[in-house]
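**Student:** For reference, the structure I am asking about is given below.
The values are calculated or read from the model by the stated rules, or taken from the named source; none is laboratory data. Source: prediction; values computed, not measured. Positions of Cβ are backbone-derived with ideal geometry, glycine not excepted, and every protein chain shown enters the neighbour counts.
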Amino acid sequence: METTGTPPDGGWGWMVVLGAALINMVNQALFANFGLIFGEELEAMADGKATGIMLVMSGSVLVTNFSGLLVGPLMRKFSVRTITIFGILCVGTGMICCSFSTEIWQIILGYSCVTGLGLGLLASVTFLAINSYFTTKKSTAVGLAMAGTSVGQMVFPTFIGILLKKYYFSGATMILGAISYTGILGALLFKPMCACCKRMKKSGTVVVENGTKSDYDVNFNDDIKENGKDSEKRLMEDHNLLEQKPLTKKGSAAIISNGLQANYRDSAIAMANSTEFANAKEEPGTTCCGKFVKSLGLNLLKDLSFVHIVIGLSFGYLSTVTFSTFFPLFLQDEIKFSIMEASTCMTALSFSDVLGRITVSELCRKLHLSNKSSFMLGCILLAVTRSCMVEMTEFNYIFTSAFFIGYFRAVTVINQNLVISEYIEKDKLPSAVGLNMVSKGLLVVTVGQALGLLKDLFSFRICIHILNVILLIVVTSWTLETVIKRIRMRNRN
């Protein structure tokens, strides 16, 4: 009996999902509540200016997303559980360091650098942990894990408000840092995959620690014992001895021995030639630059289809994040809602987001939609709903629209990494996810700032329409690529 590398698609994997949800709830939710935690303190440090908030936030976004480049090299040396625990320690330590801060540069070091690094690592490794345990139910598992983030976004604002009121900034950040350490309990559930794999009797199959298979004969003596008669028959056929007079036992053994030696000699020559060819093929990548590119997975950028996917996902992420920032301001500044009405709409959006992350994956799976198709459908529905919402003024209509916006947003958020895993091989997935994070960070810092300037020139309504156009451009671009590929394939056939 040997263990194969087939993901169990459930089993202990659901405990991994539970651990990932706990990690997201107590760690990733801190990023969404950044303004509530640090807003007043940074304004006081910057003499009432917003430059301190933007500086810390921009630094955090850069470090969080660029830390994705480290995931690929780290995965080759450490286990997912080890990287996860390290990321949790970074998040908690950074928050605790901020509790002793008296100047902005100290918060930049504590939150932007240390906590940002931890959040970036956790965003990648939690998905990779789930990816190792699921196949057909992967989207459902990812949705349940990401629901932990939404739950934290709903629960933490009230809790943080109580902490700030009772313990002020210093005490609140120290308590939040200690709470983030509880994510280690979730990381302990990330057992090695081989502990839960389906056991199958499959000769010549071995699973190494990272779940990859090696198809070679494990027990040569047993194999010879089982297949000795067939081997002897083949060898005697090769020597045209079946029609001759039966040989003695000694003569038969001599022929088999000579045949095996010839086979091993040919195999050795073939192996040497293949090794020499492989070494010659890998020779250009032996330079320092080549090793650096290979370790970070930058050779994936040669694949134009992959680059196209990453750019589309990044613009989808930019549209979602920017809308989340604009939406409460739009309700209060342009629609003139009261704080209570705006909070109610935000709560409806958050609640439907949680509901969507739990249910939408199963719905798409039953409809037999691929992850890419689900993402595109979510982008279309999200763009249409948001465009309709910004043209409304009555509370009931906007409240209903906010509910649907949250649900459709969950479709795009869940499928961010799933679209990449659907296209990229498993061994290249860590590097691919890291490159996607880097692309998202660059767009948020560049195009995101430009959208902020557009708001100053026009209005929130115009900016939200522009965000919706961005989503539709992504869908159109991906659709054109699919059509072109199918036409080329049909012409080849």
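**Student:** Just to be sure, is residue 84 at pLDDT 80 or above, in the same structural domain as residue 175 (by TED's automatic domain parsing) and either closer than 26 Å to residue 134 by Cβ or not in a helix (DSSP H, G or I) (or both)? Lay out the reasoning, then the answer.
**Tutor:** On the way: at pLDDT 80 or above: yes; in the same structural domain as residue 175 (by TED's automatic domain parsing): yes; either closer than 26 Å to residue 134 by Cβ or not in a helix (DSSP H, G or I) (or both): yes.
Here the answer is yes, as residue 84 does meet what is asked.
**Student:** Say we look at the stretch 312-354 and pick out the residues that are small (Gly, Ala, Ser) and closer than 22 Å to residue 379 by Cβ; which of these is surrounded by the fewest Cβ atoms within 10 Å (Cβ to Cβ)? Give the derivation first.
**Tutor:** Kept after step one, since they are small (Gly, Ala, Ser), are these residues of the stretch 312-354: 312, 314, 316, 319, 324, 338, 342-343, 348, 350, 352.
Within this subset, residues satisfying the condition of being closer than 22 Å to residue 379 by Cβ are 312, 314, 316, 319, 324, 348, 350, 352.
On the way: 312: 24, 314: 23, 316: 25, 319: 27, 324: 15, 348: 19, 350: 18, 352: 20.
That would be 324.
**Student:** Can residue 100 be described as out of contact with any Leu (no Cβ under 6 Å at 6 or more places or on another chain), closer than 17 Å to residue 177 by Cα and surrounded by fewer than 23 Cβ atoms within 10 Å (Cβ to Cβ)? Spell out the reasoning first.
**Tutor:** Values: out of contact with any Leu (no Cβ under 6 Å at 6 or more places or on another chain): yes; closer than 17 Å to residue 177 by Cα: yes; surrounded by fewer than 23 Cβ atoms within 10 Å (Cβ to Cβ): yes.
When the stated conditions are applied, residue 100 passes them.
**Student:** Another question, then. Tell me which residues, restricted to the stretch 424-456, are in a helix (DSSP H, G or I), free of Cβ contacts under 8 Å to residues at least 24 places away in the same chain, farther than 17 Å from residue 62 by Cβ and not aliphatic (A, V, I, L, M).
**Tutor:** Start the filter on the stretch 424-456 by keeping residues that are in a helix (DSSP H, G or I), which leaves 426-456.
Restricting the remaining residues to those that are free of Cβ contacts under 8 Å to residues at least 24 places away in the same chain gives 446, 449-450, 452-454, 456.
Still in the running and farther than 17 Å from residue 62 by Cβ: 453-454, 456.
456, the sole residue that qualifies.
**Student:** Are there any pairs, at least 6 apart or on different chains, whose C-beta atoms fall under 8 Å, with the first in the stretch 158-182 and over 15 Å from residue 35 (Cβ atoms) and the second part of a loop (DSSP other than H, G, I, E, B), and if so, which?
**Tutor:** 170/99; 170/100; 171/99; 174/99; 177/99
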